[in-house]
Amino acid sequence: MTETENRKTKKSVGEMIEEVIESKQPDYTQSTETVRLTPEQEKARARRNVVIAWSLVGFMVAVFAITVVRLSQNIAAGAGA
């Protein structure tokens, strides 16, 4: 083999790594399948979303209330000293 043929057959480490990564990755770009939810599933999803939203709001209110109480306690303790 000549030197130019050796250069053509040799691959860089980066090219070899890219080939390995591409060979192990599934090709999701060719899929055209979509999931159609039934009306019952859409209603269940909506209910779950509402529950998650109210839970998040409740958590935020609890954190705010605890923060206000703790700050007011610290202010009261500092004012009496």
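Read-outs: derived from the displayed coordinates by stated rules, not from any lab. Remember, it's a predicted structure, so these values are computed and weren't measured experimentally. All Cβ positions, glycine included, derive from the backbone under ideal geometry; neighbour counts span all protein chains shown.
Packing here is the average count of other Cβ atoms within 10 Å per residue, and on that basis the peptides 55-64, 31-40, highest first, run 55-64, 31-40. Computed on the Cα atoms alone, the convex hull of the range 36-81 gives a volume of 31 cubic angstrom per residue.
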